[in-house]
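Okay, structure first, notes after.
Just so you know, all these numbers are worked out from the coordinates, no wet-lab data involved. Remember, it's a predicted structure, so these values are computed and weren't measured experimentally. Glycine also receives a Cβ, built like all others from the backbone with ideal geometry; neighbour counts cover every protein chain displayed.
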Ligand code: DQA
């Protein structure tokens, strides 16, 4: 089983970016943890981050036939990108939406997600742990056994 952990804009700055909101864990810490956690669950985890909407869409397109599922933190594109929503709907790969912060407890513009209607589920508010939760959910959905 192969899973892509895909992170969007500004998540490359994790650890230094608003640590009161997003914590002190870096993206590289999260990616390393996802790879080892995935291994324990019987999944090969690949990781990608981009600040560019089109690059994220390209990554979703090229996941078809390559990855069985995607863990996606689309950052602020979550709240704006119909194009990302359409890309997910087009590839028919199960996606679990993740956010470090609880987007529903923040500004109202963060309450809307264009990813949620095309994701199998959403995990938010648990910080970096959310990525492990998403991998668990995706593995269970895919019927992966370690
Ligand atoms: C985020 C929440 C988004 O609203 C924000 O724009 C981000 C990070 C999160 O992980 O909590 O960039 O996706």
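For the chain, what is the calculated [θ] at 222 nm in deg cm²/dmol (nearest 500), taking -39500 (n - 2.57) for each run of four or more DSSP H residues and dividing by its residue count? Value at 222 nm, helices only, nearest 500: -11000 deg cm²/dmol. Using a cutoff of 8 angstrom between alpha carbon atoms and counting only pairs six or more residues apart, the relative contact order for the range 2-142 works out to 27 percent. For the range 20-146, treating each Cα as an identical point scatterer without solvent, what Debye log10 I(q)/I(0) comes out at q = 0.19 1/Å? Debye output, listed in q order: -1.12. In terms of packing, defined here as the mean over residues of other Cβ atoms within 10 angstrom, the peptides 73-85, 102-114 line up highest first as 73-85, 102-114.
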